[in-house]
Every structure is written in C-alpha cells, then in structure tokens.
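Worksheet: one structure, shown below.
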Amino acid sequence: MLFFTCKPNTIQLQWLVWVFVFFIALFSLLPMDGPGQSSVFALINTIFYAVIIYGNILWLFPGLYQKGRIVIYIIAVIVLLLLTGVLRAYISMFIYNAFFAMGHPSDMKSGPIVSFIIAGLLTFMLSFIFRIALAYFTLKQQSEEIIAQKTQAELNLLKSQVQPHFLFNTLNNIYYEAYLEAPRTASLIERLSDIMRYFVDESPKQEVSLATEIHFLENYIALENIRIRYGVDITFNKFCDTTMSLPPMLLITFVENIFKHGVDKSSSHNKIDIDLVQQNGRLIFTTTNTVPGKPLNSPSTGFGIENLRKRLILLYGTDFELQVQNKGDIYIANLNIPLA
C-alpha cells in the first residue's frame, strides 16, 4: 500500500512537515559542518521541536489551559521549555564530544542552554499555528468526506428511483389501455400510481403542501373503499388553505387505522366522517367512524398512534394535541398541530 496517496490525510501531512523541517535544519548546518554531523544534529533539533509542539497541543493546552487551569499551564510550559533546553544542550554536547570532537572535546557552557531555551520558546509559539493548521486540515478532510457521502447518497437515491419510475411509466401505459375498456379501473390505476409517486417523491421531504397531503388521503380512501363489499359512506370536509405546508404522512395514520380496525367489510352500515379545519394558525384533523358490532380478527395494537405521537414530539415538542376516544359505537380521533 502506498504511504502517500493522492489526498494525504493529516498524519501524512504531519510527516511531510517534519521531513521538511529536518531538511531545512540540515541545509542550514551544512555550510559549517559535514553531512554526517549536520544530519545528526538536524535530527536532534527536529525531535526536540516535535516534543515541544506535541507536548503543548496534545497534553498541556487541552489538559490544562482549556480546563481553566491557566496558572498551572504557564508553570508547566516553563518547566517544559527549561527541561527540553537543558536536555537538548547536554545531548548535543555529549554526541559532539563522543563522535565529532576529534580529540578536542568542548565543555558545557550556559550560552548554548540559553539559546536552546529561547529556540524552544519560539517553537512553543509556533505550536499554536501548527495546532490551527491541523484543525483546519482535519475539518477540511471531514467536510470532503461529508460531501463525498452526500454525493454517494444522492447517486444511490437516483439509482433507487429508476425502478419506481419504470413502474410509474408502466402503470401509465396500463392506465391508457384500461381507459379504453374500463374507465373505472383506469381511474384506480391512476390513483395507485399517484400514491406510489407520493411515497417516492414527496414523503422524503421535510414538508409538503396540504393540497398534496389531501390528494394522497383521497387516493388512499378510494383504493381502500373498493375492497369493501358494500362500500363505505365517507364524508371528507375540508375548510383550510391548501397552500399551507406540513410534514408528510401525519394524517394517514388515523385514516389507515379506520380501514384496518374500524370497518366491517361484511356490513353495509360503515360510516366515516373526516374534517380538516384551519383555525387560528392551527390545523385540526378529526376522524369519526362507526365501530364494528363484533370484534375484528385483527384488533388494534395502538402502535400506529404511539409512533405518531413520538414523531409529533420530535416535530413540535409539546405544541400539539393528539386524542383518541372510543365511545362504544363511535371512535373519534383528533389531531391539532400548528401550521407553517
């Protein structure tokens, strides 16, 4: 695996920086010392620069300064600079006397120690620039990853829409064929196509128009009604501005529950009243339906209403009302939400 990729990460960038620092130190020493001595002392200098910088940005600054322990932070920085300055001076002197003095060892003096401490102070100040640069590249890399993920998600969405749109086009073709022979069947096919298109195109949105949501409910009711032997007496009153917006799929839960648990398919006396009223900047949605005389095979579990309640809490906090009432022969559900 290649170490350096086309887009290096922050670790690789740091290695590049330190290699660059090493060569800068090396070329600055070459005019005075030979290649061997220059290489050794350039490496020593680079290591001590790294100790000061990483000691500050990885431990001292986040562990002390960012936690409000400023006095201790200042003391720790002073100790770090003194220790690294003295240690660097002694290590440099030891290596020089052991390998490069050629029988003429040098004595330790205060001058090199002071110069190393001052150099350490300058390096410490540069550590903040180094920290900012690291944060910038990390943030940039994260942003690029997010953009790449978003692009991939959009591509996946486009791919996932190929088959539904193929199905829509096929349903449209069937609709035109059926329209010539059975107009009622063609109308039902068109409603089914509209419902599927709603699920694909509208339901992922944050908000849809009230007109779109009403059209979805009407299509659903029409398709459910054909499954009832004697049909259902349905009244759908709409007293609202259909250009207003609301989150999708909020109203369908009540209507779906009616057809699942509130309609006796063998009875001719099923009745459903649906009222959609706009009042004082709020939308009031009420459904009333007759209750079957005998229990159905699939009694309601209440999961649909509870899931709706959880979603409403996420959307509106406490600014909503959700009530259901079973009055024996009549079941009433009521939703009151603010309109955007």
- Message: Which residue is farthest from the chain's Cα centre (by Cα), if the candidates are limited to region 311-340 and must be surrounded by 12 or more Cβ atoms within 10 Å (Cβ to Cβ) and hydroxyl-bearing (Ser, Thr, Tyr)?
- Response: Tyr331
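One line per residue, one yes/no per condition, for (1) modelled with pLDDT of 90 or more; (2) surrounded by 13 or more Cβ atoms within 10 Å (Cβ to Cβ):
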residue: Met1; (1), (2): no, no
residue: Val17; (1), (2): yes, yes
residue: Met32; (1), (2): no, no
residue: Ala42; (1), (2): yes, yes
residue: Tyr54; (1), (2): yes, yes
residue: Pro62; (1), (2): yes, no
residue: Lys67; (1), (2): yes, no
residue: Ile75; (1), (2): yes, no
- Where in region 170-268 are the helices (runs of 4 or more DSSP H), entirely inside, with at least 2 residues that are under 22 Å from Leu322 (Cα atoms)? 210-225, 252-261
- Item | Test: residue in region 215-223 that is out of contact with any Phe, Trp or Tyr (no Cβ under 9 Å at 6 or more places or on another chain) and assigned by TED's automatic domain parsing to the domain that holds Gly328 | no
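Which one of Ser115, Ser110, Ser92, Ser106 is of a type in the set (S, T, N, Q) and in contact (Cβ under 8 Å) with a residue 24 or more places away in the chain? Give the derivation first.
Details: Ser115 fails: in contact (Cβ under 8 Å) with a residue 24 or more places away in the chain; Ser110 fails: in contact (Cβ under 8 Å) with a residue 24 or more places away in the chain; Ser106 fails: in contact (Cβ under 8 Å) with a residue 24 or more places away in the chain.
Within the list Ser115, Ser110, Ser92, Ser106, the selection yields Ser92.
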- Query: Quick one: Leu210 ticks every box in (1) in contact with a helix residue (DSSP H, G or I) (Cβ under 9 Å, 6 or more places away or on another chain); (2) at pLDDT 90 or above bar one, so which box is it?
  - Reply: (1)
- Message: Scan region 50-57 and tell me whether some residue there is among the small types (Gly, Ala, Ser), assigned by TED's automatic domain parsing to the domain that holds Phe128 and outside any helix (DSSP H, G or I).
- Response: no
- region 219-248 residues that are at negative phi and buried (at least 18 other Cβ atoms within 10 Å of the Cβ), paired with ones that are part of a strand (DSSP E or B) and not charged (D, E, K, R) (beta carbon under 6 Å, 6 or more apart): Val232/Ile272; Ile234/Ile272; Cys240/Leu276; Cys240/Gln278; Pro248/Val208
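Can you report the number of residues in region 254-274 which are closer than 18 Å to Leu312 by Cα and surrounded by fewer than 20 Cβ atoms within 10 Å (Cβ to Cβ)? Before the answer, list the steps.
Let us first name the residues in region 254-274 that are closer than 18 Å to Leu312 by Cα, namely 254-257.
From what's left, surrounded by fewer than 20 Cβ atoms within 10 Å (Cβ to Cβ): 256.
Adding up the residues that qualify gives 1.
The values are calculated or read from the model by the stated rules, or taken from the named source; none is laboratory data. Computed from a predicted model, the values in this text were never measured in an experiment. So basically every Cβ, Gly included, is an ideal-geometry build from the backbone, and we count neighbours across all protein chains shown.
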